[in-house]
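One structure is given here, and the rest of the page talks about it.
The values are calculated or read from the model by the stated rules, or taken from the named source; none is laboratory data. None of these values were measured; they are calculated from a predicted model. Glycine gets a Cβ as well: all are built from the backbone with ideal geometry, and neighbour counts include every protein chain shown.
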Amino acid sequence: MRPVHLTGACWISGGAWGGLRHGGPPGFVPGKAPLPALEGAFPKPLARWGRFDDFTRLGCAAAGLALKDAGFSALQEPGTGMVVGSRYETLRTDREFNASSLPEGGMLASPNLFSYTLPVIVLGECAAGFNLTGPAFCVGEEGGQGLQALRAALLMLDSGKARRMIAGWIESPPGDQAAGAVCAILEMEPADLARSAGLLTGPAPHFRPQGGGERLVRSLSDLF
Amino acid sequence: MSAVYITQARIISPLGGLEETWVGLLAGKSAAGPIARFNASRLACPVAATLPWLDRLEGRNSIQALLEPLLEGFERIPSDSLLVWTGIKGGVQDVEERAAGGAGQALSLARHYRLWIQSRLRLKGEGQELNAACVSSTAGLALAAARIAAGEAGSALVVGADVVSRFTFTGFSSLRALTSSACRPFHAQRDGLMLGDAACALQLCDGGTADRLGLPRLARLSGWGIANDANHITGPARDGRGLVLALRQALDQAGAAPDAIAGFCAHGTATAYNDAMELTALDAVFGQRRFPCFGSKGSLGHSLGAVGGLEAALCLKALAAGAVPGTWGCDQPEERALGRFMASTQPLGPGGLLTSNSGFGGLNAALLMERA
């Protein structure tokens, strides 16, 4: 598998966030995610932001901040895709939607909530907001916080279906478990090699940072 | 890169197994009927293509109940096969039951179903859950093919299943996407989709693995594409740009010119916007050339995470038979569908057969299948 450049990344969790070039290493803790410093993260305002469920909001914020970290304000050329991993997907939104309709007869279900019961809606919102026209799908994660998404993204790049991929992990679980998101920007041929933080190879992902050394990647957090 | 072949295919549709479904489609049957599974009496036109025996499960998991006969006696799946699970809403039964004060289901998350299938088939290889809305099993087949082509696996099994639930029915109804009359893909007066129950399981192998297992090469999966509209989360791009990209990716990978395509299996949900978008994409990729096209959803309904695999299995039958079935309800095609879609069977000449699906999130995926 051909090596791929890591050019940007962002993580968000309860009360904190960071990127490759600022903030500390990821730490996923319970609490409301701050969704901080979004100015400049989106090339144009996301018109539906106010309608997003937490899952979509986390994913869009992490993707936008990761693109910003990689030096993009907007993507002009086609061929950027996105793969997101999650364990609980949209379970919280599923429960909210199910409660929105009358028990007998099925009336009054929320059309807005129904859309967000699909985890791929975050991909659609990111695609529309950032002009992502490449491969897009969600994968299940057992505990690797984005490992399966990273593997799938590397495969899409190696098979020539995309020139750039966003590999992400989003978790907005029910109860008091920690919510969070991570997104990493992967590029076959970055326009500015100075933006490369290191090289990734697959299929079992290894990361070789610019400073030297090589490590096995078990989750997207290992890229920071 | 290894060539990838489809070596086994099973489905359960509202018309039966693969053979019964194929015969039913050729005979112009539709499984549409009133919903008895839940109370949808206050919604317009509560019609779907369901399996009546799934109405009487008394608390059993409906996805498991559908998968059990699908997987029964499934042989020659090596234990190190990759398993890709593409059912997308298996968890809603658990959500519905807990909301009603019940205990819920033991299987609720996608990985629960994947692990259950692996255990049932004694598979010890890698597993993967993939959710891409209505594109799920199409994208699952593409992902499995990519991993086989890259030499990461010799055999992969892609399994998907979804059933008509109160959850999904009320959701599509709230979006006003359901038909108020009958599901008629590409008809001039089409007015919406119909949901359906279905399950699919398709095995992909490289040539060496297929030969070692003594499996037939039912078709070569010679190209695939996945692309996004970058337009809207529930509505397709009017210019079909995502589907155009996906179709062209599949053609390019196979080294096939548009003229080499003999037939097309459309997503054909029978919503006004989806079918118009597909016709626009066909015009963009194939120009004014007309060749046999068909859609299954007037007969079988839309089975969400299973539908791409189900339609790929129907394409295997079409390639073997040298014919594509009629598109149920398409007795008066819209103008741009004339010469493409019709209600009766059409002969399929030599060449490849494309199948594609499009879904929420702006997703599109296409597969190019050729006689091996």
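Of a type in the set (S, T, N, Q) and either assigned to a loop (DSSP other than H, G, I, E, B) or assigned by TED's automatic domain parsing to the domain that holds residue B:267 (or both): does that describe residue B:119? It is false that residue B:119 is of a type in the set (S, T, N, Q) and either assigned to a loop (DSSP other than H, G, I, E, B) or assigned by TED's automatic domain parsing to the domain that holds residue B:267 (or both). Only a single item in (1) over 27 Å from residue A:87 (Cβ atoms); (2) exposed (fewer than 15 other Cβ atoms within 10 Å of the Cβ) is not met by residue B:100, and it is number (1). The set of residues in segment B:85-113 that are within 13 Å of residue B:64 (Cβ to Cβ), more than 7 Å from chain A (Cβ to nearest Cβ) and over 14 Å from the mean Cα position of the chain (by Cα) comprises B:90, B:93, B:94, B:105, B:106, B:107, B:108, B:112, B:113.
So in segment A:110-132, with the set limited to residues that are surrounded by fewer than 24 Cβ atoms within 10 Å (Cβ to Cβ) and in a loop (DSSP other than H, G, I, E, B), which one is nearest to the chain's Cα centre (by Cα)? Within segment A:110-132, the match that is nearest to the chain's Cα centre (by Cα) is A:131. Filtering segment B:113-155 to residues that are free of Cβ contacts under 8 Å to residues at least 60 places away in the same chain, among the small types (Gly, Ala, Ser) and more than 30 Å from residue B:233 (Cβ to Cβ) leaves B:119, B:125. Screening the candidates B:316, B:353 for the property of being part of a strand (DSSP E or B), more than 14 Å from chain A (Cβ to nearest Cβ) and closer than 24 Å to residue B:23 by Cβ yields one hit, B:353.
Screening the candidates B:192, B:196, B:207 for the property of being more than 13 Å from chain A (Cβ to nearest Cβ) and surrounded by fewer than 19 Cβ atoms within 10 Å (Cβ to Cβ) yields one hit, B:207. Among the residues of segment B:221-252, the ones that are buried (at least 20 other Cβ atoms within 10 Å of the Cβ) and of a type outside the set (A, V, I, L, M) come to 11 in all. Tally up the residues in segment B:320-351 that are surrounded by 24 or more Cβ atoms within 10 Å (Cβ to Cβ) and closer than 21 Å to residue B:224 by Cβ, please. Matching residues across segment B:320-351 total 1. The residue that is nearest to residue B:110 (Cα to Cα), counting only those in segment A:141-153 that are buried (at least 23 other Cβ atoms within 10 Å of the Cβ) and at the interface with chain B (Cβ under 7 Å from one of its Cβ atoms), is A:148.
Within segment B:32-46, the set of residues being in a loop (DSSP other than H, G, I, E, B) and not aliphatic (A, V, I, L, M) comprises B:37, B:38, B:39, B:41, B:42, B:45, B:46. From A:27, A:31, A:40, which residue is more than 12 Å from every other protein chain (Cβ to nearest Cβ), modelled with pLDDT under 85, part of a loop (DSSP other than H, G, I, E, B) and more than 18 Å from the chain's Cα centre (by Cα)? After ruling out the rest, the residue left standing is A:31.
Looking at this structure, is residue B:326 modelled with pLDDT of 95 or more and in a loop (DSSP other than H, G, I, E, B)? Criteria met by residue B:326.
Restricting to segment A:62-87, what's the tally of residues that are small (Gly, Ala, Ser) and closer than 30 Å to residue B:127 by Cβ?
First pass over segment A:62-87, keeping only residues small (Gly, Ala, Ser): A:62-64, A:66, A:70-71, A:73-74, A:79, A:81, A:85-86.
Among the residues that remain, those that are also closer than 30 Å to residue B:127 by Cβ are: A:62-63, A:66, A:79, A:81, A:85-86.
Looking only at that region, the number is 7.
Within segment A:154-180, the set of residues being surrounded by 23 or more Cβ atoms within 10 Å (Cβ to Cβ), under 26 Å from residue A:29 (Cα atoms) and among the small types (Gly, Ala, Ser) comprises A:167, A:168, A:172, A:179, A:180.
Against the condition among the β-branched types (Val, Ile, Thr) and within 8 Å of another protein chain (Cβ to nearest Cβ), how does residue A:84 come out, does it pass?
Numbers: among the β-branched types (Val, Ile, Thr): yes; within 8 Å of another protein chain (Cβ to nearest Cβ): no.
Against the criterion (among the β-branched types (Val, Ile, Thr) and within 8 Å of another protein chain (Cβ to nearest Cβ)), residue A:84 does not qualify.
Evaluate the following for residue A:9: is it surrounded by 21 or more Cβ atoms within 10 Å (Cβ to Cβ), closer than 19 Å to residue A:169 by Cα, in contact with a helix residue (DSSP H, G or I) (Cβ under 9 Å, 6 or more places away or on another chain) and at pLDDT below 70? So residue A:9 does not fit the description; no. Residue count for segment B:47-75 satisfying the condition of being part of a loop (DSSP other than H, G, I, E, B) and exposed (fewer than 15 other Cβ atoms within 10 Å of the Cβ): 7.
Among residues belonging to segment A:90-109 that are in a loop (DSSP other than H, G, I, E, B) and at the interface with another protein chain (Cβ under 7 Å from one of its Cβ atoms), point out the one that is surrounded by the fewest Cβ atoms within 10 Å (Cβ to Cβ). Spell out the reasoning first.
Step one: list which residues in segment A:90-109 are in a loop (DSSP other than H, G, I, E, B), which gives A:90, A:99-109.
With the extra rule that they be at the interface with another protein chain (Cβ under 7 Å from one of its Cβ atoms), the set shrinks to A:99, A:101, A:104-107, A:109.
Values: A:99: 13, A:101: 23, A:104: 11, A:105: 15, A:106: 23, A:107: 14, A:109: 23.
Filtering first and then ranking leaves A:104.
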